[in-house]
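Data block below; observations after.
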Amino acid sequence: MRQKTILSVTVSVMLISQCCACASQKDAAMDFHAASRSAWPTETSMHLTIQEIQEMQDRQNMANIPEIQSIQGIHNVQATNGAPMITYTALTSPVALVFYTEEQSTAIRDHTIYTNRCVYPIVTIEGNESAAAKINADIQKRVDAYQASANTFSFAEDDYQHYVEEDFLPSYYDELIFTAARADNRVISFLVMDQSYGGGAHGMDYYTGLNYDTKTGERISFSELSDNADRFRQDTLAYHQSLAATASFQSIMYNDATDDLEQVLYQDGRWYFSMSGLVFFSNPYELGAFYAGEIEFTIPYDDLAEMNLNEEYAYEGIPLIHLQSEEPYFYDINGDGIEEEIQFYIDNMGSSGTDLHFFINGTDFATTHKELAEQFSDNYYISCWAKCFLYDIDESDDLIEILFQMNYSDWEEDILAPHTFFYRYEKSGALTYLGKLETTANAPTTLFHFVP
């Protein structure tokens, strides 16, 4: 007997950035890429009636909701070795993002055969309701188009009897997940994942970058990024080609994929702004095998400025420096006036034989530092897609902190949670573990800071 659930709607005030969602741990077991590179949002939920939700959608304005105004979102992490505690709070900004989760599932004999899930934002911009309305209208148009085209349910019905006979009951799904990548008074950017599973070894993912001008609410086109769009394209392509030539990218790309960079990365919707820079990306199978997923090429804002990125799209926040290849980066991260040579890279990325390396001035702390080595080898953390960032938590001191981001899973629940580990490199040459937070490093509506 078939049973359909009533559509459930969750409203969430996003205090941090989302990562893309993985639909089920069963699929994650078959698709290691999906399990390692995706996670549900960390969020603070409000329970509202459907009527209240509709009223908010009609207003397109969340500014007067007391719960939103008062949320602080403080999450402390226990300090270690006398190090200060890390916390994060909602960033004061004219832009607010409220995420809705709509989910509907179908079950036969207590087994869920199909789930349709959509996570999308409502944007509010203080003092600029018209721009917010344009952005929200464009987002709603995309949500409506997704709902109209989601058709995996028919496969679930057709295949159910076959799987019963095989004594294997997978759960099919369609998902549309918006991820906040940047949200400030200049730019609002999202990475959107359209994901489905209708049988086979793994699901299928398709990503789209959406970039809006906060002042006008209009989509930003590539031609608007610079006064000399052709030169900007040439300069950004040269940067991509230099990244693609590194061992880190060669290990996950097809042998001849470098020749396809321009054709793939400069399609409409293949870039977005983040806290780290301008991110170009490919979809699965375009530049690499499915396990490599969405391959990203990030151009930092300092380099973008030299390429004459229009100042109206420059990032004014604290930059999140992404160490995205094995090439050395040079920064004074311990405040001694001398730049350290820093490297982070992964051998056999995305495989069970992954080896992680994190060098500072020739010392590989991934193997010599007890806590870091244990975190990288912990089976509950999916280290084969770990990311490393540099971020100045306290601009009043002369230190730059080191952040490692990995997804956590207990391999029983369907939800993967992004965790970020914080470290500090001391003047003595020692690496100090500061603790971890259950959040992504790229969190455009979040401010990391030390607990006083």
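One table, with the values for the structure above:
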item: Ordering of 246-256, 178-188, 276-286, 207-217 by packing [mean C-beta count within 10 Å, highest first]; result: 178-188, 276-286, 207-217, 246-256
item: Accessible area in the full protein assembly, largest first, 1.4 Å probe, for K387, K427; result: K427, K387
item: Interchain or long-range residues, amide H under 5 Å from I393's placed H; result: E401
item: Percent carbon-and-sulfur accessible area, region 189-316, ignoring ligands, DNA and RNA, probe 1.4 Å; result: 43
item: Value in Å of the Kirkwood radius, where region 173-243 supplies the Cα pairs that are averaged; result: 14.6
item: Region 326-452, accessible area per residue, ligands and nucleic acids excluded (1.4 Å, Å²); result: 42
item: Largest-first ellipsoid semi-axes for region 402-452, taking √(5λ) over the Cα gyration tensor eigenvalues, angstrom; result: 25, 15, 9
item: Region 220-299 - accessible surface per residue (Å², probe 1.4 Å); result: 39
item: Prolate/oblate/rounded call for region 210-341, Cα gyration tensor, a/c under 1.5 rounded; result: oblate
item: Candidate aspartates and glutamates - alpha carbon under 13 Å from K215, same-chain residues fewer than 8 apart omitted; result: E126, E129, D184, E312
item: Accessible area (Å², 1.4 Å probe, nearest 10) - K436; result: 80
item: Pairwise Cα inverse-distance average, inverted: Kirkwood Rh of region 334-452 (Å); result: 15.2
item: Phi to ³J(HN,Hα) by Karplus 6.51 cos²θ - 1.76 cosθ + 1.60 over region 291-297, Hz, x for Gly, Pro; result: 4, 6, x, 7, 7, 10, 10
item: Computed magnitude of the charge dipole of region 367-452 (debye, nearest 20; Cβ of K, R +1, Cβ of D, E -1); result: 260
item: Under the Karplus curve 6.51 cos²θ - 1.76 cosθ + 1.60, θ = phi - 60°, whole-Hz ³J(HN,Hα) for region 204-217, x wherever Gly or Pro sits; result: 10, 10, 9, 10, 9, x, 10, 10, 10, 7, 4, 6, 9, x
item: Dipole magnitude of region 214-269, debye to nearest 20 (Cβ charges: Lys/Arg +1, Asp/Glu -1, about Cα centre); result: 220
item: Amide hydrogen neighbours beyond the local backbone of L320, cut-off 5 Å, H modeled; result: S276
item: Straight-distance crosslink candidates among aspartates and glutamates, where the alpha carbon sits under 15 Å from K370 and sequence neighbours closer than 8 are dropped; result: D378
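The values are calculated or read from the model by the stated rules, or taken from the named source; none is laboratory data. No experiment lies behind these values; they were computed from the predicted model shown. Backbone-built Cβ (ideal geometry, glycine too); neighbour counts: all protein chains shown. Quick note on the areas: whole protein, heavy atoms, side chains included, nothing else; ligands and nucleic acids left out. Shrake-Rupley method; radii C 1.70, N 1.55, O 1.52, S 1.80 Å.
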